[in-house]
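Enquirer: Provided herewith is a single structure, encoded as structure tokens, for subsequent inquiry.
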Amino acid sequence: MKTQMMTIRQGMGRLAVAAAALGTAVAPAGAQDARVGLRPGVQDAGQAAWNMELISHQARPAGFFAADAEADFGFSNTDLAFQGNHVFMGNYNGFLVYDISNPASPRLRASVPCAGGQGDVSVYRNLVFLSVEETRGRLDCTAQGVTDSVSTERFRGVRIFDISNLDRPRLVGAVQTCRGSHTHTLVPNPRDPSRVYVYVQGTSRVRSGSELAGCSNRPPAEDPNTSFFRIEIIEVPLAAPQQARIVNAPRLFADAQGNIAGLWAGGRHGEGTQSTNVTNQCHDITAYPEIGLAAGACSGNGILLDIRDPANPVRVDEVVDPNFAYWHSATFNNAGTTVLYTDEWGGGSAARCQATDRREWGANAIFTVQGNDLRHAGYYKLPAPQTAQENCVAHNGSLVPVPGRDIMAQAWYQGGISVFDFTDPANPVELAYFDRGPANARELSVGGFWSAYWYNGRIYGSEIGRGFDVFRLTPSAHLTQNEIDAANLVRMTEWNPQHQQRVTWPAHFSVAKAYVDQLVRSRGLGPTRMVRLQQEVEAAERMRGTQRRTALTRIATQLDGEAAASRDAAKVRMLAGVLRELAAR
């Protein structure tokens, strides 16, 4: 097991763009961040936005909130999944479906009460999967709960709904697990499209063996079949989801001697370090089937898995971090050469973004992937300090598909949403943000953004207590209109948390102009040459037919000769490549 001793990089604030052609947008020296000192409130809280704009807000609908603050946590919004023009929002009380045909005016299409928490959701074809871990969950989906310590009426695991008729979702399957399902990961089988696998991450207490046969809360030394130190894998026949069943429970943390508790044993790493949880579970596993890998955030370790055989994942590397308390989630870059892990220090309910908190704690740790080897490169943490009344720590996010860059939009609970660039994993920089004031001015309360995900041109936010938000990015020196337009060319038919798909861009002038802007920003070519290059590409865009093909081929050929001497040779070659694709159209 590799221990990576690391120190926080300085200067994680706003990126100063030196190129005069793109201008600058850095705050004056000593200026206070606009996120500091926002007015508290629920629906009337103060707001701060930089390089992104809130275009829609929907409060939680009837049946999905409680007037009593003590009971309202049982109606918290959770994760988001997308299919076509619909977003599926998980909730501790079930799930909601919004029509986002017009992102500026989402319409509630369906609400499905089915209590049990935490309600993380994913969608695949005509099926919705819902995680259930609380002991109040019932087989019949009703809300009265289960009072008996052992009950045949209790449900903890993964529910499966048929959404062929989106106005009337039907519960068609339910797979019980020993620790319930805190989160889950969809993993399609590339060799068999008739079925899909669901990796179940259970983090709750183990239920009685009297309630579900085979469950055991004893340590490995007492019971080698303990329900700890594993995940469950469910196989779902798509034509018969009612036949879904557990087909494997791999011991992903075993060492070379077969000890199933073979990774981090829990505790501190030395003086001044975090106390890191024992590795006996995974919180999230993010699958990237097209590269055959998954990244597991597994309480005390970050792990890398070979998932080419999705029913039988194999651990190929693991790391520990003395600054991490609890490995929570993971995101690959599009190339699969970098993976970002989050640390949910304080469990998501604590105020971990205060000015006195260490910048390495409750942050993202960024690793490069070299073969099957994880190597630490840097950290990113929300730059703006939050109050003692705001729960805040790194949480769920996704890539923003700008060609040539690694950009992520990420939720930080009551720290809001931060959009940042980690193309250089040792020096991540913030590009945009949105934040509200604390929900409660007097005491710490749990709220804020659970998730922030880019989907088909907009960023969608699941706000735990306030509702559902939609944002658009606005152009700046840090992210130009050409780069935003290029990202907006990407259209997905389905998107799920903890599942990544490779993004490709069509041959389009927005992509070419995005690369030109990036070369300006990086000073990849001399200033005079950059001005001429911009003019040549814009002129070619106005041309048609043979004239355009000739001009584009000439520019690409010239770039071929200039790449070797460029300080950003890879980007010069990327630009030449897309110009040739355009010429061939």
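Enquirer: Let me know the shape class of region 261-416, please: from the alpha-carbon gyration tensor, a ≥ b ≥ c as square roots of the eigenvalues, rounded when a/c is under 1.5, otherwise prolate if a/b is greater than b/c, or oblate.
Expert: Oblate.
Enquirer: Related question: Let me check against my output: what whole-number percent is the relative contact order of the chain, with C-alpha pairs under 8 Å and at least 6 apart?
Expert: Relative contact order for the chain comes out at 14 percent.
Enquirer: If amide hydrogens are placed 1.01 Å from N in the peptide plane, which non-local residues have theirs closer than 5 Å to the one on D317?
Expert: Counting only residues 5 or more places away or on other chains, the set is L304.
Enquirer: Right, something else. What number in nm² do you get for region 114-251 if you take the convex hull of its Cα atoms and divide its surface by four?
Expert: It is 8.3 nm².
Enquirer: Something else: Taking the Cβ of Q500 as the centre, find all other residues whose Cβ is under 14 Å away and add up their charges (Lys, Arg: +1; Asp, Glu: -1).
Expert: Charge balance near Q500 sits at -3.
Enquirer: Hey, another quick one. Return the percentage of antiparallel bridges among DSSP beta bridges fully within the chain, rounded to the nearest 5 %.
Expert: Of those bridges, close to 95 percent are antiparallel.
Enquirer: Oh, and also: By per-residue mean of other Cβ atoms within 10 Å, what is the highest-first order of 468-474, 550-556, 195-201?
Expert: Result, highest mean first: 195-201, 468-474, 550-556.
Enquirer: Binning every alpha carbon pair distance of region 509-583 at 10 Å from zero, what are the percents per bin?
Expert: 21, 61, 17, 1
Enquirer: A further question on this structure: Where does region 107-184 land on the Kirkwood hydrodynamic radius, alpha-carbon pairs, in angstrom?
Expert: That comes to 12.7 Å for region 107-184.
Enquirer: How far is helix 509-522 tilted off the main Cα axis of the chain, in degrees rounded to 10, range 0 to 90?
Expert: Once rounded, one gets 80 degrees.
Enquirer: When only alpha-carbon atoms are used, what values of Rg and Dmax, in angstrom, describe region 367-514?
Expert: 16.2, 54
Enquirer: What is the distance, in nm, between label points placed 7 Å from the Cα along the Cα-to-Cβ direction at S149 and at T504?
Expert: 5.8 nm
Enquirer: Would you please state the base-10 log of I(q)/I(0) at q = 0.20 1/Å for region 250-322, with intensities from the Debye formula using one equal scatterer on every alpha carbon?
Expert: Summing over Cα pairs of region 250-322 leads to -0.81.
Enquirer: At what distance in angstrom do the alpha carbon centres of region 477-503 and region 63-79 lie from each other?
Expert: Each part's Cα centre sits 32 Å from the other's.
Enquirer: Let me ask something else about it. What translational diffusion coefficient, in µm²/s and rounded to a whole number, does the Stokes-Einstein relation yield for region 393-464 at 4 °C and a viscosity of 1.567 mPa s, taking the hydrodynamic radius as the Kirkwood radius over Cα pairs?
Expert: The calculation lands on 102 µm²/s.
Enquirer: For A34 and A388, what is the calculated FRET efficiency with R₀ set at 22 Å and r taken between the beta-carbons, to the nearest 0.05?
Expert: Efficiency, rounded to the nearest 0.05: 0.65.
Enquirer: Suppose only helical runs count, i.e. DSSP H with n ≥ 4. What mean residue ellipticity at 222 nm does that imply for the chain under -39500 (n - 2.57) per run, divided by all residues and rounded to the nearest 500 deg cm²/dmol?
Expert: -4000 deg cm²/dmol
Enquirer: Quick one: check the C-alpha center-to-center distance for region 240-302 versus region 419-437, whole angstrom.
Expert: Region 240-302 and region 419-437 have Cα centres spaced 28 Å from each other.
Enquirer: Output the relative contact order of region 426-585, whole-number percent, from Cα pairs under 8 angstrom with separation of 6+ residues.
Expert: Relative contact order for region 426-585 comes out at 16 percent.
Enquirer: Can you tell me how region 190-258 classifies by the Cα gyration tensor, rounded, prolate or oblate, using a/c under 1.5 as the rounded cut?
Expert: Oblate shape, in that a/c is at least 1.5 and b/c is the bigger or equal ratio.
Enquirer: Sticking with this structure for a sec: Across region 32-40, in residue order, what do the Karplus-derived ³J(HN,Hα) couplings come to in whole Hz, using 6.51 cos²θ - 1.76 cosθ + 1.60 with θ = phi - 60° and x for Gly and Pro?
Expert: 7, 4, 5, 6, 7, x, 5, 4, x
Enquirer: Now a separate question. Normalise the Debye intensity by I(0) for region 258-299, one equal point scatterer per Cα, no solvent, then take log10 at q = 0.21, 0.23, 0.33 Å⁻¹ and round to two decimals.
Expert: Taking Cα atoms of region 258-299 as identical point scatterers yields -0.77, -0.83, -1.05.
Enquirer: Rounded, prolate or oblate: which one fits region 59-144, using the alpha carbon gyration tensor with axes a ≥ b ≥ c (rounded when a/c is under 1.5, else prolate when a/b beats b/c, else oblate)?
Expert: Because a/c hits 1.5 or more and a/b fails to exceed b/c, region 59-144 counts as oblate.
Enquirer: Rounding to the nearest 10 and keeping the result within 0 to 90°, find how far the Cα-based axis of helix 545-563 lies from the longest principal axis of the chain.
Expert: Long axis of 545-563 versus the principal axis of the chain: about 80 degrees.
Enquirer: Please list, in order along region 360-372, the HN-Hα scalar couplings obtained from phi with the Karplus expression 6.51 cos²θ - 1.76 cosθ + 1.60 (θ = phi - 60°), rounded to whole Hz, x for Gly and Pro.
Expert: Calculated HN-Hα couplings, in order: 7, 9, x, 10, 9, 10, 10, 10, 8, 10, 10, x, 10 Hz.
Readers should treat all values here as calculations from the given coordinates under stated rules, not as data from a laboratory. As the structure is a computational prediction, the values presented were derived from the model and not from experiment. Note: ideal-geometry Cβ built from the backbone for every residue, glycine included; neighbour counts use all protein chains shown.
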